[in-house]
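Accompanying notes for the structure given below.
The values are calculated or read from the model by the stated rules, or taken from the named source; none is laboratory data. Remember, predicted model here, so these are calculated numbers, not experimental data. Note that each Cβ is placed from the backbone with ideal geometry, even for glycine, and that neighbours are counted across all protein chains shown. All accessible areas refer to the heavy atoms of the entire protein, side chains included, with ligands and DNA or RNA removed. Shrake-Rupley method; radii C 1.70, N 1.55, O 1.52, S 1.80 Å.
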Amino acid sequence: MPGIYSMMDISRWALQASTAHLDTISHNVANVNTPGYSRQSIVQATRSPELTREGWYGNGVEVVNVVQHVDRLLLGRITDKTSSMNYQDSRLAQLKRLESLANEAGDTSLGEEVTAFFSAWEAVSNNPESSAVRRALTDKAQNLINRFQTLHSDLRNIENDLDIYIKGAVEEANGICQRIAELNSQIVASENTYRTANDFRDERQRQLEKLSELMDIQWFEDVDGSVTVFGGKGKTLVQANYPKDGDRPLEFMPVDGEDRYQVVWQGVEDMAMDKDEISGGKLGAWLKVRDDDLPEMRDFLDKLSNNLISEVNKLHTQGAGLDKFTSVTGTYQGAGPNEPINNTSGEPPFGGLLQDGTLTMWVYEGGTRTKHEISVTAGESMASLATKINDAIDPVNRNFASVDSDNKFCLNASAGQEFLFAGDTSNVLAALGVNTFFTGDSVSNISLNADVASNVRNVAAGRVLEDGEHAAGDKRNALDLADLKDVETMENQDSSVKSDTFNESIIAWASSLGTKVASTKDNLKYAATATSELLDQRDSVSAVNLDEEMVKMVQQQRSYQMAAKLVTVADTLLATVLDMKS
């Protein structure tokens with residue numbers, strides 16, 4: 001019923017409403033620079049009126065709720081784009097590291113080292129008997145080997161770094177998932193009273209965005225206010241209050257059949273989540289670089305070094321150094337004396353070079369020289385090859401050719417004997433590592449043959465003449481090796497046809513990596529622009545505007561002052577009534 005007391009009561013409600021508004025405005029202003037904070041405001045409504053004889057009289061105002069201004073559909077798009085942007089950014093950073101290794105602009109680039117190596121062979125052809133020129137060749141070869149080994153070491157370091165990054169990201173993701181689950185519990189408990197837990201929701205959204213920085217996620221809000229989060233192809237990371245303390249949705253651990261540790265989802269059963277499943281965020285980028293981009297680079301270097309070893313060795317075995325041999329042992333280990341040299345075990349690594357052909361040798365003894373031509377078949381074993389050589393050269397003692405305990409092929413001349421190689425159309429010498437220039441078969445183990453490294457006179461720059469004469473000044477083999485730089489020995493990147501020289505393939509490789517970096521930069525620019533636009537849209541809905549808050553503050557200040565004035569008026573009226581009674 002209208003009266004002085006109802007007037008005071010209405011004023012009291014007005015004071016409470018204005019105070020609530022001012023509290024919320026203060027909270028907004030205090031968090032104007034808090035990342036992810038969503039502006040809040042008071043929802044107020046008219047209190048239920050009172051019916052009297054004269055009609056309905058109002059009973060003032062009441063605060064109904066404190067709401068946050070958010071576009072929930074927009075939040076899901078933001079996490080998607082955040083994941084994409086961080087994926088491109090993290091991948092670009094690692095691709096730049098790989099690009100720096102493939103930099104062909106410097107004097108010590110791989111292409112320059114290859115060029116210097118073949119130029120050194122040309123220098124040898126101009127002065128085949130000079131030990132200094134031969135030493136310069138082995139120095140250039142060692143520089144090239146060092147460049148290969150440095151690249152291999154750098155790639156391994158990047159690979160190890162990526163493992164450390166991935167492990168750290170998995171730990172961080174587990175912690176974020178646990179925090180989201182905690183916030184789920186707090187939100188569900190708080191909102192049972194039909195009051196929105198605004199600050200808890202803001203923090204949970206920040207955690208979701210942090211998780212999306214690490215990996216691509218999908219999430220939705222359940223009817224009770226909790227969120228369920230999936231990673232990869234439907235792998236549950238958060239559901240209600242899972243994971244709790246001690247629960248780990250993800251692990252970085254060894255997996256059967258995989259060379260390196262994998263990200264494993266620990267759900268109903270452990271399941272590896274590879275680069276194809278985690279395709280966003282920093283984790284996705286690091287897995288992509290580790291399992292795709294880096295192996296692609298290593299594969300090229302392996303092919304390049306393998307082809308270089310193979311082609312150089314095939315030519316080197318055709319020639320002769322300044323000294324004749326009394327013994328030589330192959331550098332490559334076979335699968336066994338009676339196993340085919342071209343078996344599929346990879347022992348020896350260049351067994352696949354073996355083909356039907358002829359191995360030509362000259363044996364020198366007591367001022368005479370004898371030519372021996374040994375027929376070699378593609379299915380030859382070391383034992384059968386040794387038998388053929390012994391049949392031809394040492395039919396009595398049969399000690400000239402043998403296989404040692406390490407399954408390496410050995411040639412040992414009898415006392416007073418020496419020998420040279422005059423040709424090998426079967427490639428058996430290159431397959432077994434006999435009279436070769438390089439050893440190894442990949443970027444990880446390429447090396448200079450110890451026989452050459454220890455004695456440059458063993459550099460096979462010349463060839464034995466048709467009559468078996470050992471002409472020390474012959475340079476035919478060095479010329480062929482120098483010309484190898486212009487031979488198309490490498491497969492083109494777009495086909496399996498050998499249509500590129502060594503340097504052409506290196507340029508194409510560096511160019512391809514540069515194109516990949518440029519493409520990733522473009523993708524990052526697009527993702528960053530899209531993310532920025534979405535954040536601007538969110539700010540237009542959720543951000544705190546200090547000018548607007550100032551207007552609201554003045555408005556509520558005046559409202560509070562007016563309500564307080566009404567209390568004063570009601571108090572004066574009540575005092576007047578009391579004075580009348582006295």
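Over the chain, the hull volume per residue, using the convex hull of the C-alpha atoms, is 198 Å³. To the nearest 10, the accessible area of D276 is 100 Å² with a 1.4 Å probe.
Report relative contact order for segment 72-299 in percent, whole number only (criteria: Cα-Cα under 8 Å, sequence separation at least 6). Working shown, then result.
Numbers: 298 pairs, mean separation 61.1, N = 228.
Across segment 72-299, relative contact order equals 27 percent.
Per residue, what volume in Å³ does the Cα convex hull of segment 300-512 take up?
On the way: hull volume 26.8 nm³, N = 213.
In segment 300-512, the Cα convex hull volume per residue is 126 Å³.
For segment 202-301, trypsin sites (Lys or Arg not before Pro) are listed when DSSP marks them as loop and at most 11 other Cβ atoms sit within 10 Å of their Cβ; the list is K244.
The GluC sites (Glu not before Pro) found in segment 186-265 that occupy coil by DSSP, while having at most 15 further C-beta atoms within 10 Å, are E258.
Heavy-atom accessible area for F300, with the other protein chains in place and a 1.4 Å probe, reaches approximately 30 Å². Pairwise Cα distances in segment 72-299 exceed 30 Å in 43 percent of cases.
Here the sum of -39500 (n - 2.57) over DSSP H runs of 4 or more residues, divided by the residues of the chain, equals -17500 deg cm²/dmol at 222 nm, to the nearest 500. Compared with the dominant Cα axis of the chain, that is its longest principal axis, helix 382-393 is turned about 20°. With K and R counted +1 and D and E -1, the other residues having a Cβ less than 14 Å from that of V70 yield a net charge of 0. Legend: distances between Cα atoms for K235/K275; K167/K210; K96/K235; K81/K525; pairs beyond 20 Å are K96/K235. With a threshold of 25 Å on the Cα-Cα distance, the over-threshold entries among K324/K498; K388/K475; K282/K516 are K324/K498; K388/K475. Excluding same-chain neighbours fewer than eight residues apart, the aspartates and glutamates reachable from K244 by a Cα-Cα span under 13 Å are E182.
All C-alpha pair distances within segment 1-87, sorted into 5 Å bins from zero, spread as 3, 12, 14, 14, 12, 11, 9, 7, 6, 5, 3, 2, 1, 0, 0 percent across the bins.
With an 8 Å cut-off on Cα pairs and a minimum separation of 6 or more residues, tell me the relative contact order of the chain in percent. Computed over the chain, the figure is 21 percent. As a ratio to 2.2 N^0.38 Å, the alpha-carbon radius of gyration computed for segment 148-217 takes the value 1.72.
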